[in-house]
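The structure appears below as structure tokens.
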Amino acid sequence: MTTSPTLANPRPGRWLVPAVGALLFVLAVISLGVGPARIAPLTAARALVEDLGPASVIVRELRLPRTLLALSIGFTLGLVGAALQGLLRNPLADAAVFGAPQAAAFGAVVTLYFGFAGALSFALPAAAILGALASIGLVLLVAGRGGLVVLVLAGLAVGSLFGAATSLAINLSPNPYAVTEIVFWLLGSLEDRSMAHVALCLPFLALASLALLSAGPALRSLTLGEEAAASLGIPVRRTRLLVVAASAVGAGAAVAVAGAIGFVGLVSPHLVRAAVGHDPARTLLPAGLAGAALLIGADIAVRLVPTLVEIKIGVLTAGLGVPLFLLIIARRRAELAEMPA
């Protein structure tokens, strides 16, 4: 008689969270030291708590905000991807499927360049979050219960609509310098961010992350189907609204500060799902940590590339994410073909 892996190991992947946590610590220390002025990792760590002159100024005012944003935004994007994949029960779900990043960017662009608020106003993430909520609500309304193909097509249409609206806003902007700034911002970057940016988005990212983590048990029950989950006392409708709203808040806050950073939320859950036994609840925290590791690793990489102008982090994540995305589709095409259209 054989024993299933799940029964033999009731807590698969127990090593994963400590391992990724240790990796994040190492990456964070490296991030504090990498840049035009190289600082040794141990010196960078000391500069956080001791006065080492210029090194402390560089680390605390330039490197620390960037590192904190990479960790918090990456963690939230990884959580968003894992939660939406668990909610929709398909491996290709992400905030981008709903056109949320494009809609959030449109909300932020309208707020910034038509003078409704300043770059460090809380109205900026609020507008981005409202845009993301609008896109997700519109996609769900159009797609209904049409299945994966209808959902992807609806998301593509809504994302294209908000992308075109953003382009129109840029086209109508009377200031050419503002146009240049917004185009570079839309590529995604953590360069020249300060603790004010951290304070601006961190409350929204924390709220979204806590809400998504709390939905774990409900997402596990939903693997049995909505009717079975409801019979177990799971508030299916409330869970759906919670995950969708929290995903919009997280994606909107991330876009408002860092611009459009793609594929982190899509890829992160796939990196950890097998290690946790394909359990949606156990996937959430490791996926968030994996997202943080991916984003801070990408941010370190863009600073190491010897170019006159720093490569935008959104360009790098897209360049790495697309091949991984295609690999996921190739490896799971039989499963995806069986999903209802």
Problem set entry | Residues of the range 88-126 classified as open to solvent by less than 20 Å² (accessible area, probe 1.4 Å) and either in a helix (DSSP H, G or I) or over 25 Å from Val198 (Cα atoms) (or both), total | 15
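Here's the yes/no breakdown for (1) touching a helix residue (DSSP H, G or I) at 6+ places or on another chain (Cβ under 7 Å); (2) at pLDDT below 80:
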| residue | (1), (2) |
| --- | --- |
| Gly74 | yes, no |
| Val80 | yes, no |
| Ala100 | yes, no |
| Ala105 | yes, no |
| Phe114 | no, yes |
| Val150 | yes, yes |
| Ala164 | no, no |
| Ile170 | yes, no |
Exercise. So is Glu191 without any contact (Cβ under 8 Å) to a residue 12 or more places away in the chain and either β-branched (Val, Ile, Thr) or surrounded by 13 or more Cβ atoms within 10 Å (Cβ to Cβ) (or both) or not?
Worked result: no
For this session: Collect the residues in the range 274-325 that are more than 24 Å from Ser214 (Cβ to Cβ), modelled with pLDDT of 85 or more and open to solvent by less than 20 Å² (accessible area, probe 1.4 Å), keeping them in residue-number order.
Result: Ile296, Ala298, Asp299, Ile300, Val302, Ile313, Gly314, Thr317
Exercise. Which is open to solvent by 70 Å² or more (accessible area, probe 1.4 Å), touching a residue at least 40 places away in the same chain (Cβ under 8 Å) and closer than 18 Å to Thr76 by Cβ, of Leu200, Leu219, Leu207, Leu212?
Worked result: Leu207
For this session: Answer yes or no: is there a residue in the range 312-324 that is touching a Lys or Arg at 6+ places or on another chain (Cβ under 9 Å) and of a type in the set (D, E, K, R).
Result: no
Problem set entry | Residues located in the range 150-203, provided they are part of a helix (DSSP H, G or I) and on the phi > 0 side of the Ramachandran plot | none
Exercise. So which of Asp279, Asp299 ends up being touching a residue at least 12 places away in the same chain (Cβ under 8 Å), under 26 Å from Gly33 (Cβ atoms) and of a type in the set (Asp, Glu)?
Worked result: Asp299
Seminar exercise, completed: For helices (runs of 4 or more DSSP H) lying entirely in the range 204-321, having 1 or more residues that are of a type in the set (Asp, Glu) picks out 226-231, 280-304
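Out of Val179, Val158, Val150, I need the residue that is closer than 19 Å to Gly250 by Cα, more than 18 Å from the chain's Cα centre (by Cα) and of a type outside the set (S, T, N, Q). Which one?
Val158
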Problem set entry | Long-range neighbours under 6 Å by Cβ, at least six apart or interchain, first residue under 13 Å from Thr239 (Cβ atoms) within the range 78-90, second in a helix (DSSP H, G or I) and open to solvent by 10 Å² or more (accessible area, probe 1.4 Å) | Gly86/Pro280
Seminar exercise, completed: Over the range 127-137, the set of residues over 17 Å from Leu205 (Cα atoms), modelled with pLDDT under 85 and buried (at least 18 other Cβ atoms within 10 Å of the Cβ) is Ile136
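The values are calculated or read from the model by the stated rules, or taken from the named source; none is laboratory data. Since we're looking at a predicted model, the values are computed, not measured. Ideal geometry is used to build each Cβ from the backbone, glycine not excepted, and the neighbour counts take in all protein chains shown. The accessibility values were calculated without ligands, DNA or RNA, using every heavy atom of the protein model including side chains. Shrake-Rupley method; radii C 1.70, N 1.55, O 1.52, S 1.80 Å.
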